[in-house]
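Participant: So that we are looking at the same thing, I have put the structure below in structure tokens.
The values are calculated or read from the model by the stated rules, or taken from the named source; none is laboratory data. On a predicted model such as this, the values are computed, not experimentally measured, just so you know. Virtual Cβ from ideal backbone geometry, glycine too; neighbours counted across all protein chains shown. Heavy atoms of the whole protein, side chains included, go into the accessibility calculation; ligands, DNA and RNA do not. Shrake-Rupley method; radii C 1.70, N 1.55, O 1.52, S 1.80 Å.
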Amino acid sequence: MSAPDLSVQRRADAGAPAPPRAARRLPRFGIGRRTLVGALSLLGLLVLWWVLTTGTGLVAPYRFPSPAEFRGALDQFVTDGYAGGTLWVQAWHSTRLVLMGFAVAVVTGVPLGLLMGVSPRAEALLNPAFLLVRPIPPLAWIPLAIVWLGLGDAAKVLVIWFAAFVPSVINTWTGVRGVDRTLIAAARVHGAGSRRLLTEVIIPGALPMIFTGLRLSLQASWTTLVAAELVGAFFGLGRVLDAAYRDINPAMITVAMVAVGILGAATTRLLGEAERRLIPWRS
Amino acid sequence: MKDIRFEGIGKAFPTRGGGQFVALDDVTLTVAEREFVAVVGPSGSGKTTLMRMAAGLDHPTSGQVAVGGKRVTAPGPDRAVVFQQFALFPWKTVRENIAFGLRCQGAPRAKQDEVVARYLRLMNMEGTEDRYPHQLSGGMQQRVAIARSYAIEPDVLLMDEPFGALDAQTRTVMQEELVRLTRREPRTTLFITHAVEEAVYLSDRVVVLARDPGRLREIVDIRPTRIAEGWDEMAIDAVMDLPSFTHLRTHVWRLLRDQIRPDD
């Protein structure tokens, strides 16, 4: 008896029969045509932008920059710098803080989520404190962080940690509790001890949810970093946004916004790539 | 090899009104060494609960289960379970799934490879060792699960409706293969099913349970007939055409039928 070749099939559930051929062909609509459509819609947006700001002048330049002004601000930012640094310096400053805060949140949040998931005692102990802290919006921690640590990098990392910690904990915890009980029983009846149960059954079983948590954590990291830099900072893209707002420079504001958007998308993409590699059994 | 003894097993749950729901009442049953016993019964007769007790995944409220004379308190690799939903580790390949129990025992790599290769051959699954479970059909997944349990050479095999999730044709193929495997490597086996033909075809004895409360109805001896007529050497459809088989099947079926209520 030979199995059908399922290498094209994505994410089939265990035990589910292979989808019929017609269903498999669907995603083929994909790559080539999809990028084409995407490129076209992006191009349309650029044309619309030009028409509104330059062609017709419907939108005044002090409200939203024209493509040419945007280009000018970008050039200025890249060559001369703005608010104390060039684009690369400012972008790296922000990215580094996001990665540091995110890393600290993951390194502390995921193990705590695992602990709460496997130990009812730990859950009973930690859950009340968690429920109390959880509804506080991460941005509300900014003033306290500044009071404690000033306007420097340490305060930013602390705020990102607070913001990114909660989604990591909650999703890891949910993931652990959602691990198929039968798989745990199967591991135990085949002789697995508690250590092997954790590393070979519970963690892999929770991994998809853990990654969901990491994605949310990463988003929260960028949000809070920009907010914290807006409130008070010496460097970073949030600082650029704040300075451009004070200078009433909409072109520079949009350049900084786009930069944050691109960095957020890029780091999320990296995380997605890590997920794809760490969860090969799903793809 | 060990036997399984259920001694006066009772299982009761408290109900909301302060009363008691009795799932199992005073079940005494022995599965001898190397014997294959199938348990059939209507839903709610506690057959899966019985199996889970032998596995150490569930506990009786009265009586005790002993395997090889030792009281069962927790799961252990001397009592491997094959589950209805296969319960393969989705993140492990076929090879890693089959070798899982051996790794738990700390078996050397060479021994693991040898055992994996042997069961892949026995199960006609050579060449699939690096696939993940979701890349296999249901029948192949259950073969892997059976191999995973056989691989640790457990004293006792517990099977909880292992073919219940398979389509009819695959099911028949699997039944034949299980017969082949169990006659080649006989193990003390407790096989839970609701399929009467399957129970009669596979087992030495069929235990029929009654429900409300779950209790022993009758034990039907199959082995003498099977040996005398050489069922093991015949194809499954040929066995099922035999008058002796039909007779036994109908007998078991009648024991079940008077318990079936219109709402089933």
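Participant: Mind checking B:71-80 for the average number of partner chain beta-carbons within 10 Å of each residue's beta-carbon?
Facilitator: On the way: counts 0, 0, 0, 2, 9, 4, 5, 2, 2, 4.
For this peptide, the per-residue mean of nearby foreign Cβ atoms is 3.
Participant: OK, next. At 7 Å along Cα-to-Cβ for each site, give me the label-to-label distance between A:Trp148 and A:Arg33 in nm.
Facilitator: The two pseudo-label positions are separated by 5.4 nm.
Participant: Using a 10 Å cut-off around each Cβ of peptide B:124-135, what is the average number of partner chain Cβ atoms that fall inside? Write down the numbers at each step before the final one.
Facilitator: Numbers: counts 2, 3, 0, 2, 2, 0, 0, 4, 7, 4, 11, 9.
Mean partner shielding for this stretch: 4.
Participant: Next up: Treating only the Cβ atoms of Lys and Arg (+1) and Asp and Glu (-1) as charged, compute the dipole magnitude of the protein assembly as shown about its Cα centre; round to the nearest 20 debye.
Facilitator: The calculation lands at about 700 debye.
Participant: May I pose another question? Looking at B:Met159, B:Thr73, B:Gly44, which one has the Cα that reaches farthest to the positive end of the dipole of chain B (charges on Cβ: Lys, Arg +1; Asp, Glu -1)?
Facilitator: Going by the charge dipole, the pick is B:Thr73.
Participant: Given a 1.4 Å probe and every protein chain left where it sits, what share in percent of the accessible area of the protein assembly as shown is carbon and sulfur?
Facilitator: Ligands and nucleic acids excluded, carbon and sulfur reach 60 percent.
Participant: Average partner chain C-beta neighbours within 10 Å, per residue of A:175-186?
Facilitator: Taking the mean over all residues of the peptide, I get 4.
Participant: Hey, got the dipole for chain B? About the Cα centre, +1 on K and R Cβ, -1 on D and E Cβ, debye to the nearest 20? Write down the numbers at each step before the final one.
Facilitator: On the way: 35 positive and 36 negative charges, 142 e Å.
Here chain B has a charge dipole of around 680 debye.
Participant: Further, regarding this structure: Would you calculate a helix-derived [θ] at 222 nm for chain B, using -39,500 (n - 2.57) for each DSSP H run of n ≥ 4 and dividing by the full residue count, to the nearest 500?
Facilitator: -11500 deg cm²/dmol
Participant: For the protein assembly as shown, what does the alpha-carbon gyration tensor say about shape, rounded, prolate or oblate, given a ≥ b ≥ c as the root eigenvalues, a/c under 1.5 as rounded, and a/b over b/c as prolate?
Facilitator: Prolate, because a/c is 1.5 or more and a/b exceeds b/c.
Participant: Non-local amide H neighbours of B:Val39 (under 5 Å, H modeled in plane, Pro and chain starts lacking H): which ones?
Facilitator: Counting only residues 5 or more places away or on other chains, the set is B:Phe191, B:Ile192, B:Thr193, B:Val207.
Participant: While we're looking at this one, here's another question. Just to confirm, what accessible area per residue do you get for chain A at 1.4 Å probe, in whole Å²?
Facilitator: Result: 56 Å² of accessible area for each residue.
Participant: Kindly identify chain A as rounded, prolate or oblate by the Cα gyration tensor criterion: order the square roots of the eigenvalues as a ≥ b ≥ c, call it rounded if a/c is under 1.5, otherwise compare a/b with b/c, prolate if a/b is larger, else oblate.
Facilitator: oblate
Participant: Which of the lysines could a cross-linker bridge to B:Lys70, judged by Cα under 19 Å and excluding same-chain residues fewer than eight apart?
Facilitator: B:Lys2
Participant: For the range A:84-208, just run the numbers: alpha carbon Rg, then divide by 2.2 N^0.38 Å, N being how many residues it has.
Facilitator: So the Cα radius of gyration is 1.33 times the expected 2.2 N^0.38 Å.
Participant: Let me ask another. Which percent, nearest 5, of DSSP beta bridges in chain B are antiparallel?
Facilitator: 55 percent
Participant: Taking amide H positions as placed in the peptide plane 1.01 Å from N, state which residues far from A:Gly81 in sequence (5 or more) or on other chains have amide H under 5 Å from it.
Facilitator: Those lying under 5 Å, H to H, from A:Gly81 are A:Leu87.
Participant: Report the label-to-label distance for B:Met240 and B:Arg121 in nanometres (one decimal), using points 7 Å from each Cα along the Cα→Cβ vector.
Facilitator: For the pair B:Met240/B:Arg121, the computed spacing is 3.1 nm.
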